[in-house]
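To keep things clear, I will list the structure first and then write my remarks on it.
The values are calculated or read from the model by the stated rules, or taken from the named source; none is laboratory data. Only a predicted model underlies this, so the values are computations on that prediction, with no experimental measurement involved. Using ideal geometry, Cβ is built from the backbone for each residue, glycine included, and neighbour counts are taken over all protein chains shown. Surface areas here come from the heavy atoms of the whole protein model, side chains and all, with no ligands, DNA or RNA. Shrake-Rupley method; radii C 1.70, N 1.55, O 1.52, S 1.80 Å.
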Amino acid sequence: MRVLVITGAGVSAESGIPTFRGKDGFWRNFDPAKLATPEAFARDPKLVWEWYHERRQRIRNAQPNAAHQAISKLAQHANEFLLVTQNVDDLHARAGIPKEKMVQIHGDIFVTKCSRCDFRRRDYEQEHPPSVAAATYGAAGEHEQRDVVPRCPECDALMRPGVVWFGEQLPLNELRRVENYFDRGRCDLVIVAGTTATFGYIIDWALRASRHGGELIEVNPEETPLSQFATRLVREPAAVALPLLVNQLIEL
Ligand code: OAD
């Protein structure tokens, strides 16, 4: 069985990570859609860093849920498998999906990259906690240390989270990996879970992968623009639906 799974924020919701467009999505009254932009970073890099700092902390304290575990189980049982996730958290990885079977199409929140040059590093924030960053890069005062925006050790420009912001290009390497998977054959099964499928490429990938008779299953308590194309709709939370669904599929 050749499988494609596409996930979004709803899959991590039951791990306590707020979705973008859900009721808990707002942070300090800011709309995430307005914070996750190059313009917001240019205007107020400290604010954007603080938002990402808090999100990283929340993710570090969270655990993968039954939906992440079920997807990993499916990955083990499928002959060929690719997970394309829009989530920048590491919960799929911690649930055991190997790197080569996963594409994080919107980047990785634990990567920090330079806003100007190619410098990038994973876990930069942990290696350079705010107090060290302040000592290295100079902060106005002790009380401001938490707000320090680190600077690139190579070119001194501001560092930024290694995620895709609104209006930015998707990472080319990751796009290529998705295309390569499509080029190698059609899918028997496509599962799209926990995403509003706002972006055209998500719908496009789901339809392309399933178009030659593959099943297209949507797992989402709410209707989305993809629902009309699904061959099966599961209107339940992912952590409830996916373990049952995966067990059914494996038994088949
Ligand atoms: P959204 O916040 O847009 O949507 C979350 C989806 O999950 C909604 O369709 C909910 O109905 C559904 N949902 C909520 N709880 C669920 C649960 N327990 N089980 C299953 N589904 C549940 O998040 P995404 O679709 O992931 O991009 O958003 C896509 C992208 O838009 C994000 O990656 C981010 C955002 O802006 C960038 O930052 C580039």
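Exactly one residue out of Ala230, Ala239 is open to solvent by 10 Å² or more (accessible area, probe 1.4 Å), more than 20 Å from the chain's Cα centre (by Cα) and of a type outside the set (S, T, N, Q): that is Ala230.
Here's the yes/no breakdown for (1) farther than 13 Å from Val3 by Cα; (2) modelled with pLDDT of 95 or more:
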{"site": "Leu172", "(1), (2)": "yes, yes"}
{"site": "Val192", "(1), (2)": "no, yes"}
{"site": "Ile203", "(1), (2)": "yes, yes"}
{"site": "Ile217", "(1), (2)": "no, yes"}
{"site": "Gln228", "(1), (2)": "yes, yes"}
{"site": "Gln248", "(1), (2)": "yes, yes"}
{"site": "Glu251", "(1), (2)": "yes, no"}
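Yes/no per residue for (1) modelled with pLDDT under 95; (2) of a type in the set (D, E, K, R); (3) open to solvent by 40 Å² or more (accessible area, probe 1.4 Å); (4) under 14 Å from the mean Cα position of the chain (by Cα):
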| site | (1), (2), (3), (4) |
| --- | --- |
| Glu100 | no, yes, yes, no |
| Gln104 | no, no, no, yes |
| Arg120 | yes, yes, yes, no |
| Ala133 | yes, no, no, no |
| Ala140 | yes, no, yes, no |
| His143 | yes, no, yes, no |
| Val148 | yes, no, no, no |
| Phe166 | yes, no, yes, yes |
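Please find, within region 1-22, the residue that is least open to solvent (accessible area, probe 1.4 Å) out of those that are near the ligand (Cβ under 8 Å from one of its atoms) and of a type in the set (A, V, I, L, M, F, W, C). Checking each candidate, the answer is Val11. On the given criteria, is Leu249 within 9 Å of the ligand (Cβ to nearest atom) and either among the acidic types (Asp, Glu) or in a helix (DSSP H, G or I) (or both)? So Leu249 fails the test. Annotation for region 69-90: no member residue is in a helix (DSSP H, G or I), surrounded by fewer than 19 Cβ atoms within 10 Å (Cβ to Cβ), over 15 Å from the mean Cα position of the chain (by Cα) and within 12 Å of the ligand (Cβ to nearest atom).
Which residues, counting only those in region 33-66, are assigned to a helix (DSSP H, G or I) and small (Gly, Ala, Ser)?
Across region 33-66, the qualifying residues are Ala33, Ala40, Ala42, Ala66.
It is to be established whether one or more residues within region 25-47 are in contact with a Lys or Arg (Cβ under 9 Å, 6 or more places away or on another chain), buried (at least 22 other Cβ atoms within 10 Å of the Cβ) and touching a residue at least 40 places away in the same chain (Cβ under 8 Å). Within region 25-47 (the criterion being in contact with a Lys or Arg (Cβ under 9 Å, 6 or more places away or on another chain), buried (at least 22 other Cβ atoms within 10 Å of the Cβ) and touching a residue at least 40 places away in the same chain (Cβ under 8 Å)), the answer is no, since none of the residues qualifies.
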